[in-house]
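Below: the structure, in structure tokens.
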Amino acid sequence: MNARAVFDSHEKTALKLRRSTAAERRTKLAKLLEAILDRKDAILSAAQQDLGKHPTETNLTEVLSLVSELKHSRSHLKRWMKPHRVGPTLATLGTTSRIVYQPKGRCLVISPWNYPLSLALGPIVSAVAAGNTVILKPSEFTPHTNGVVKDIIAAVFAPDEVAVLEGAADVATELLALPFDHIFFTGSPAVGKKVMAAAAANLASVTLELGGKSPVIIDASADLNSAAENIIWGKTVNAGQTCIAPDYAYVHRDVADQFVELCKATIAKRFGVTNEAIRNSADFPRMIHRRHAERVAVLIDEAVQAGSQVACGGVTDTEARYVAPTLLRNVPAGTQIRKQEIFGPVLPVLTFESLDAVIEDINAAPKPLALYAWTKDSRTVDALRTNTSSGSLCVNLCLQQFAQHNLPFGGVNTSGIGNAHGFFGFKAFSHERAMMSAGPVSALKLLFPPYDAGKRRLSELLIKYGT
């Protein structure tokens, strides 16, 4: 069945789902949870084949986050769906007003390859919780995980409610030409612009979960052991192919050498002392495909040729999709690795003396998806909170914001539009409909024509005291 036929088959279902109850939606989410857990071994095997990931890493970064999202949504859905009553203004005395959450209708989810389970099914959890139909277009670069996702979807939903359409960019283009009610896209800012342009043709609303260069600031007061342990984890989990991975680090000049040595020790402890040991480690994943490995290798080579020093790693094997965990120092500002989102296990370490100069650099760049700070100084946190903008600001931790379902997850401008997770994901797939009803007495009658001096005075009082 082609994209148009699947889209058309969702029309009647979408209208029917407007009447779906919290109990009906919770039942679907329960079945989805069961289908995922029943196929956990298949999920772990597929992730190993697609990305070379250790089963424990897949459990922690894919299965756990998805299962947690499902349980959280089921637990809170009844409350989320209840109309929210709001008080009247002075000009609307005598009326009652509510915000009613209504399904948007037919939705499109375009998911990426880096977390092909959770970033495909996570938005579907929110869409189903909100009462929508969904067509999922997963990345063509993770065929093994896609097969498991298709099996999960088929076990829970009829094709006229949730469907999976596989294929390359031409399939995405075909889907984007259709008049969906909402589009949820996770991927690069460059493709996000194309998605938004296509959505504009049909005036479809969008949620864009993008990326960018998420900086880390480590000041002189920081717990350097904690910083090294967490930042290396954030930079090597999924081989750095994470939208909220720390992209580069600003480290205070007085502690930069110590921080680099601690990072090197952390890499050796986790993956091995030699490049051969790291390469053979079952705990260190691979790049998604040769082309991406080549791109990261070129970034490293260009930085080194421009004068950067390799403090650790720097070894690549593009045929094997391998890029070693790499630390670079003294990276010139004009290099591509300072401009492009790295999306790999490479950490440029820059030094600073003035936090104001760091803030100036951050503000001169596109707004990042995340900003990380390691510090014990509340003045550093206050300065970053007040003077920078990012999707999230995280202090003395890394990546964990993705698992906090009570916070909105999303970017700003180039790093994203809209939010996901928990109630914020439910709202992304819901139309917040304004509902207002007249009461038994209407104050508006006092202002109907013909106008006289008394009504003029009353209008002036409303202007002066109205809220």
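Quick notes on this structure:
- For segment 342-365, filtered to residues that are within 19 Å of residue 259 (Cβ to Cβ) and not aliphatic (A, V, I, L, M), the residue that is surrounded by the most Cβ atoms within 10 Å (Cβ to Cβ) is 345.
- Every pair of residues 6+ apart whose Cβ atoms lie under 7 Å, when the first sits in segment 439-467 and is over 20 Å from residue 95 (Cα atoms) while the second is open to solvent by less than 100 Å² (accessible area, probe 1.4 Å): 455/447
- Residue pairs meeting the criteria (Cβ under 7 Å; at least 6 apart or on separate chains; first at pLDDT 95 or above and open to solvent by 10 Å² or more (accessible area, probe 1.4 Å), in segment 366-378; second part of a helix (DSSP H, G or I) and among the basic types (Lys, Arg)): none
- All conditions in (1) under 14 Å from residue 6 (Cβ atoms); (2) of a type outside the set (S, T, N, Q); (3) more than 20 Å from the chain's Cα centre (by Cα) hold for residue 108, with the sole exception of (3).
- Sole exception among (1) open to solvent by 20 Å² or more (accessible area, probe 1.4 Å); (2) within 29 Å of the chain's Cα centre (by Cα) for residue 307, by number: (2)
- Residue check for residue 464: among the charged types (D, E, K, R) and in contact with a helix residue (DSSP H, G or I) (Cβ under 9 Å, 6 or more places away or on another chain): no
- Residues within segment 1-40 that are closer than 14 Å to residue 128 by Cα and either open to solvent by 60 Å² or more (accessible area, probe 1.4 Å) or not in a helix (DSSP H, G or I) (or both), tallied: 11
- Segment 235-277 - residue that is of a type in the set (Asp, Glu) and surrounded by fewer than 17 Cβ atoms within 10 Å (Cβ to Cβ) and, of those, farthest from residue 50 (Cα to Cα): 254
- The one condition in (1) under 17 Å from residue 347 (Cβ atoms); (2) touching a Lys or Arg at 6+ places or on another chain (Cβ under 7 Å) that residue 299 fails to fulfil: (2)
- Tabulated pairs, segment 349-363, first more than 13 Å from residue 383 (Cα to Cα), second among the small types (Gly, Ala, Ser) and surrounded by 15 or more Cβ atoms within 10 Å (Cβ to Cβ), C-beta under 6 angstrom, 6+ apart or interchain: 349/249; 351/256
- Residues of segment 312-341 that are open to solvent by 30 Å² or more (accessible area, probe 1.4 Å) and in contact with a Cys (Cβ under 9 Å, 6 or more places away or on another chain): 341 alone.
- Residue check, residue 119 farther than 23 Å from residue 432 by Cα and surrounded by fewer than 22 Cβ atoms within 10 Å (Cβ to Cβ): no
- The one condition in (1) in contact (Cβ under 8 Å) with a residue 60 or more places away in the chain; (2) within 30 Å of residue 321 (Cβ to Cβ); (3) surrounded by 22 or more Cβ atoms within 10 Å (Cβ to Cβ); (4) touching a helix residue (DSSP H, G or I) at 6+ places or on another chain (Cβ under 6 Å) that residue 130 fails to fulfil: (2)
- Selection within segment 430-467 - in contact with a Phe, Trp or Tyr (Cβ under 9 Å, 6 or more places away or on another chain) and among the acidic types (Asp, Glu): 432
- From the options 338, 291, residue that is part of a helix (DSSP H, G or I), in contact (Cβ under 8 Å) with a residue 60 or more places away in the chain and under 26 Å from the mean Cα position of the chain (by Cα): 338
- If you go through segment 94-111 and keep only what is open to solvent by 20 Å² or more (accessible area, probe 1.4 Å) and assigned to a loop (DSSP other than H, G, I, E, B), you end up with 94, 104.
The values are calculated or read from the model by the stated rules, or taken from the named source; none is laboratory data. Quantities reported herein were computed from a predicted structural model and do not represent experimental measurements. Cβ coordinates were reconstructed from backbone atoms using ideal geometry, including for glycine residues, and neighbour counts include every protein chain displayed. With ligands, DNA and RNA removed, areas are computed over all heavy atoms of the protein, side chains included. Shrake-Rupley method; radii C 1.70, N 1.55, O 1.52, S 1.80 Å.
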